[in-house]
Amino acid sequence: MTRLDLQALPAQIQQPSYDRSVLKPRIAHIGFGAFARAHGALYLHDTLTKAGGDWGLRVIELFGTADLLDALASNDHLYSLVETADSGTQTRLLGAVCETQHVARDGVAALIDGLAEEQLKIISLTVTEKGYCVQNGKLDLDNEMIKKDLAAPDTPCTAIGLIAAGLKKRMELANGPISVMSCDNLPHNGVLCATAVTEFAARLDENLAVWIRQNVSFPSTMVDRIVPALSDESRSIIKEQLGGQPDPNGIVCEPFRQWVIEDNFAAGRPQWELAGAQLVADVAPFEEMKLRTLNGSHSFLAYLGYLGEKETISDCMADPVYSQALRRLMVEEQIPTLNVPCDVNLPQYADMLCERFSNSKLKHRTWQIASDGTQKLPQRWLHSVQYHLKNGTSYRHLALGIAGWMHFVATYCTPDQVKDFQDPKRLKLSEIAAGYGMGSRPFIDGLLALEDVFPKELVADERFRDSVYAGFAEIAQKGAAQAVADLSEHASV
Ligand code: CS2
């Protein structure tokens with residue numbers, strides 16, 4: 001395994017200045033993908049830089065192979081973070097991780113034991129929307145992995161099953177309270193995570209569910225940083241930054257970051273505010289703002305951009321047709337639906353998002369963001385559509401976005417491509433796509449009948465169905481790029 005030669009790194013690369021020998025795993029993070037490496041782990045690193053202390057991070061992976069974690073361990077858990085924008089690039093080595101666990105390497109029993117350790121005070125997770133196995137606000141008992149975990153709770157394969165097993169052991173050992181903190185892009189992610197874990201636990205043992213209610217807090221958070229999946233191009237940027245040394249755990253992201261955390265920790269927390277995190281009583285308005293404006297815009301550009309042959313978000317932003325449509329989506333259709341604290345300046349927030357999306361160094365692929373649409377659409381678009389239907393206001397950008405998603409499904413979720421299509425409901429989607437002719441109303445109706453994506457009362461509204469049919473027909477006739485261009489022909493509301 002290649003080790004980073006710290007002495008040979010270029011002098012400008014900052015290395016951790018705090019005493020890493022005292023770090024203990026006091027936070028266990030499940031899902032150490034690109035985002036977690038560039039976000040939570042950095043906040044902790046910066047907190048340790050300011051205040052020292054022993055809040056170390058154990059990172060846990062439930063899928064894939066242990067290669068990356070092995071490489072991390074052999075580098076004394078150090079890895080590089082490259083923050084890049086058109087205005088410049090900065091690279092540093094992060095040092096908050098002090099332990100790794102991979103289910104395939106260490107065995108699930110070790111992971112469960114680890115979550116029960118008394119010194120551990122927080123379990124955090126980035127497992128994407130689908131990782132919570134929740135449907136319509138409840139634990140999805142039809143989910144195959146949940147069924148499997150409920151039948152064999154000592155060998156869980158889901159994050160929810162693992163957390164429940166760890167909490168059970170913790171209760172049995174009387175090792176005290178703990179917090180479970182979701183860091184995924186879901187509204188009320190703390191409540192959702194609490195629901196999934198507690199409902200799972202209640203099916204195993206009612207006493208465990210009671211213990212969880214009394215001893216475990218589930219703070220909600222709003223997390224934000226654009227971190228594209230690692231590509232060959234980003235690997236070369238990392239290597240170049242490190243003076244020619246590769247770092248398999250290195251990561252490239254934008255300079256911006258934000259973390260709003262509900263200050264509700266059952267067993268203490270690091271002083272993340274020293275690293276710029278906002279600790280608040282209610283995260284909901286921040287979550288809603290970010291999900292609808294940032295993520296909602298991302299999904300709009302992902303589907304309509306990919307269909308219009310734009311490879312990355314910055315390619316979309318470089319095309320005035322797309323960037324103008326995006327601004328109108330935000331200003332006319334998303335911002336009016338929000339209720340934010342009075343010190344948040346929404347027009348400024350929208351300007352900043354446009355600037356972030358235009359970062360041409362990032363190469364954030366539209367195809368990547370287009371993944372898992374069934375998990376993303378409700379919180380990014382559909383709540384806003386419901387607002388507009390109620391108020392009689394226009395939502396034509398949102399309607400075109402929904403139609404764009406439908407075209408994307410029809411085009412790329414066909415039976416011969418379904419295995420590469422990223423969505424937990426891909427089989428269902430491909431059945432719908434195969435069952436009806438492309439562009440037919442029954443195809444659109446088939447998608448609208450997915451009740452956990454499109455709320456029944458929304459689909460029952462004829463105005464909504466008509467707007468989606470119209471958007472779909474427009475894309476079919478003119479292509480996505482022209483349909484986006486024609487959005488500007490309508491008067492502003
Ligand atoms: C993106 C997010 O892939 C996606 O769905 O919208 O990962 C986005 O980049 C982050 O939420 C930014 O904080």
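The values are calculated or read from the model by the stated rules, or taken from the named source; none is laboratory data. This is a predicted model, so every value here is computed, not measured. Because the Cβ atoms are built from the backbone with ideal geometry, glycine has one as well, and the counts that use them run over all protein chains shown. When the accessible area is computed, the model is the full protein with side chains, heavy atoms only, and any ligands, DNA or RNA have been set aside. Shrake-Rupley method; radii C 1.70, N 1.55, O 1.52, S 1.80 Å.
Here is how the numbers come out for the structure above:
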| quantity | calculated |
| --- | --- |
| So residue 173, is it loosely packed, with under 15 Cβ neighbours inside 10 Å and either farther than 30 Å from residue 366 by Cβ or within 16 Å of the ligand (Cβ to nearest atom) (or both) | yes |
| Answer residue from region 206-226, given it is open to solvent by 40 Å² or more (accessible area, probe 1.4 Å) and charged (D, E, K, R) and is farthest from the ligand (Cβ to nearest atom) among those | 206 |
| Residue within region 119-141 that is over 18 Å from residue 15 (Cβ atoms), at pLDDT 95 or above and of a type in the set (Phe, Trp, Tyr) present | yes |
| Filter result for residue 203 (away from the ligand (no atom under 16 Å from the Cβ) and more than 18 Å from residue 38 (Cα to Cα)) | yes |
| Which listed residue is assigned to a loop (DSSP other than H, G, I, E, B) and either under 22 Å from residue 320 (Cα atoms) or open to solvent by 70 Å² or more (accessible area, probe 1.4 Å) (or both), from 422, 477 | 422 |
| Matching residues in region 116-170 - criterion: being under 28 Å from residue 370 (Cα atoms), open to solvent by 20 Å² or more (accessible area, probe 1.4 Å) and of a type in the set (Val, Ile, Thr) | 126, 127, 128, 134 |
| Scan of region 443-474 for residues that are part of a helix (DSSP H, G or I) and either of a type in the set (Phe, Trp, Tyr) or under 21 Å from residue 416 (Cβ atoms) (or both), ordered by number | 443, 446, 447, 464, 469, 472 |
| Extreme residue, surrounded by the fewest Cβ atoms within 10 Å (Cβ to Cβ), among residues of region 230-244 that are part of a loop (DSSP other than H, G, I, E, B) and either away from the ligand (no atom under 16 Å from the Cβ) or of a type in the set (D, E, K, R) (or both) | 244 |
| Flag if residue 66 is small (Gly, Ala, Ser), within 16 Å of the ligand (Cβ to nearest atom), in contact (Cβ under 8 Å) with a residue 24 or more places away in the chain and surrounded by 15 or more Cβ atoms within 10 Å (Cβ to Cβ) | no |
| Filtered residues of region 199-229 (kept if among the acidic types (Asp, Glu) and not in a loop (DSSP other than H, G, I, E, B)) | 199, 206, 224 |
| Pair list, Cβ under 9 Å, 6 or more apart: region 185-197 residue on the phi > 0 side of the Ramachandran plot, other residue of a type in the set (Asp, Glu) and part of a helix (DSSP H, G or I) | 188/287 |
| Among residues of region 213-231, those that are in contact (Cβ under 8 Å) with a residue 24 or more places away in the chain and more than 17 Å from the chain's Cα centre (by Cα), counted | 5 |
| Residue in region 369-379 that is in contact with a Leu (Cβ under 7 Å, 6 or more places away or on another chain) and under 22 Å from residue 260 (Cα atoms) present | yes |
| Criterion: farther than 21 Å from residue 177 by Cβ and of a type in the set (S, T, N, Q) - qualifying residue of 249, 264 | 249 |
| Condition check for residue 39: within 17 Å of residue 82 (Cβ to Cβ), in contact with a Lys or Arg (Cβ under 6 Å, 6 or more places away or on another chain) and touching a residue at least 24 places away in the same chain (Cβ under 8 Å) | yes |
| Pairs, first over 17 Å from residue 26 (Cα atoms) in region 102-119, second surrounded by fewer than 17 Cβ atoms within 10 Å (Cβ to Cβ), C-beta under 6 Å, six or more apart | 108/155 |
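Yes/no matrix, rows are residues, columns are (1) open to solvent by less than 20 Å² (accessible area, probe 1.4 Å); (2) modelled with pLDDT under 95; (3) not hydroxyl-bearing (Ser, Thr, Tyr):
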site	(1), (2), (3)
19	no, no, yes
30	yes, no, yes
43	yes, no, no
50	no, no, yes
56	yes, no, yes
70	no, no, yes
78	yes, no, yes
81	yes, no, yes
109	no, no, yes
